[in-house]
């Protein structure tokens with residue numbers, strides 16, 4: 001796995017670690033999980049397809065802003081059940097990426113953009129359940 005993680009809980013823990021490379025890899029995994037969840041529930045009854053597709057787009061765009069980590073991303077078995085936890089991990093990734101951006105550096109703007117995409121993907125997934 002890219003962060004040595006096997007679950008969303010492991011991704012969340014890696015985000016808390018504070019190590020820059022681990023946070024970037026865990027954020028990549030969070031985006032990938034968001035895309036997996038969005039793709040899996042997009043056409044299932046009870047979901048707003050536009051919100052889910054917007055979440056997938058934001059996750060894909062955010063992931064593209066980060067360096068490709070080594071290894072393989074987290075594989076989710078039950079995407080629908082993982083949705084709430086995925087929202088939380090994306091929100092946490094957004095906060096962590098924003099904190100890294102505050103440190104400055106040549107990638108600060110890309111990190112701010114990735115943070116915004118994480119927050120956007122989380123918001124879309126949170127509201128994807130059709131009323």
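The values are calculated or read from the model by the stated rules, or taken from the named source; none is laboratory data. Quick caveat: nothing in here was measured; it's all calculated off a predicted structure. Counting neighbours? That spans all protein chains shown, and the Cβs are built from the backbone with ideal geometry, glycine included.
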| request: Give the residue that is modelled with the highest pLDDT, with candidates limited to residues of the range 1-35 that are in a loop (DSSP other than H, G, I, E, B) and in contact with a helix residue (DSSP H, G or I) (Cβ under 6 Å, 6 or more places away or on another chain). | output: 5
| message | Suppose the filter is modelled with pLDDT of 95 or more and surrounded by fewer than 16 Cβ atoms within 10 Å (Cβ to Cβ); does residue 91 pass it? | response | no
| field | Unique match (being on the phi < 0 side of the Ramachandran plot, in contact (Cβ under 8 Å) with a residue 40 or more places away in the chain and either in a loop (DSSP other than H, G, I, E, B) or in contact with a helix residue (DSSP H, G or I) (Cβ under 9 Å, 6 or more places away or on another chain) (or both)) among 98, 82 | value | 82
| message | Criterion first (under 18 Å from residue 119 (Cα atoms), surrounded by fewer than 19 Cβ atoms within 10 Å (Cβ to Cβ) and touching a helix residue (DSSP H, G or I) at 6+ places or on another chain (Cβ under 6 Å)) does residue 38 satisfy it? | response | no
| message | Filter the range 114-130 down to the residues that are surrounded by fewer than 17 Cβ atoms within 10 Å (Cβ to Cβ) and either assigned to a helix (DSSP H, G or I) or in contact with a strand residue (DSSP E or B) (Cβ under 9 Å, 6 or more places away or on another chain) (or both) and list them by number. | response | 129, 130
